[in-house]
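First the structure, in the form of C-alpha cells, and then the observations on it.
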Amino acid sequence: MRSITVISILLFMILVVSLALVNLEPVEIHYYDLQLNLQTIHSSIIIAILGAFASGFLVAWLFGKYEKVKLKAISIKQNCTINSLEKEVAKLKTTPTLPQIPVQTGDAPKTETVSSSSSR
C-alpha cells in the first residue's frame, strides 16, 4: 500500500514538472500584502506551480499533524481509563466476599402449601 502511494506521488510530481517545463512563459502573480496593498510579482510559471504545490502540501501536512495529536490525546485518555478500571477490578478481586450462611437440613419443619383451588 505504501509503494502505491509513493508511485502515485511521483507520477503526479512528474506531471506537474513536465507541464511547467512546457510552459516557460513569465506570469504575473497579484497578491495583497499585510497593509492590503495590491502587489505584483513577475515569475516563471514553474515557480508559480511549484509554490502552489508546496503550499498545498504544507497545509495538508499541518492538518494531518493536528489529527495525529488529537488522536494521541484520545488514546492517552482511554489508556488512563483502562488503567483505573483494571485497578478497580483487581481491588474487587481481593475484596473478601460475604460469609455463607449455613442452611439447616433434615430437622426443618415442613409447611403445607395452601392451594387456591379448594373444594367446598
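The values are calculated or read from the model by the stated rules, or taken from the named source; none is laboratory data. These numbers were taken from a predicted model, which means no experiment stands behind them. Here the Cβ is made from the backbone with ideal geometry for all residues, glycine too, and neighbour counts use every protein chain on show.
Before moving on, here are some points about what is shown:
- Residue match in the range 6-24 (condition: of a type outside the set (Ser, Thr, Tyr), modelled with pLDDT under 90 and either at positive phi or not in a helix (DSSP H, G or I) (or both)): yes
- Exclusive hit being part of a helix (DSSP H, G or I), at pLDDT below 95 and among the acidic types (Asp, Glu), set 88, 112, 67: 88
- Residue in the range 39-61 that is more than 30 Å from the chain's Cα centre (by Cα), polar (S, T, N, Q), assigned to a loop (DSSP other than H, G, I, E, B) and modelled with pLDDT under 90 present: no
- The one condition in (1) in contact with a Ser or Thr (Cβ under 8 Å, 6 or more places away or on another chain); (2) loosely packed, with under 11 Cβ neighbours inside 10 Å that residue 35 fails to fulfil: (1)
- Only listed residue being within 36 Å of the chain's Cα centre (by Cα) and closer than 21 Å to residue 56 by Cβ, chosen from 27, 17: 17
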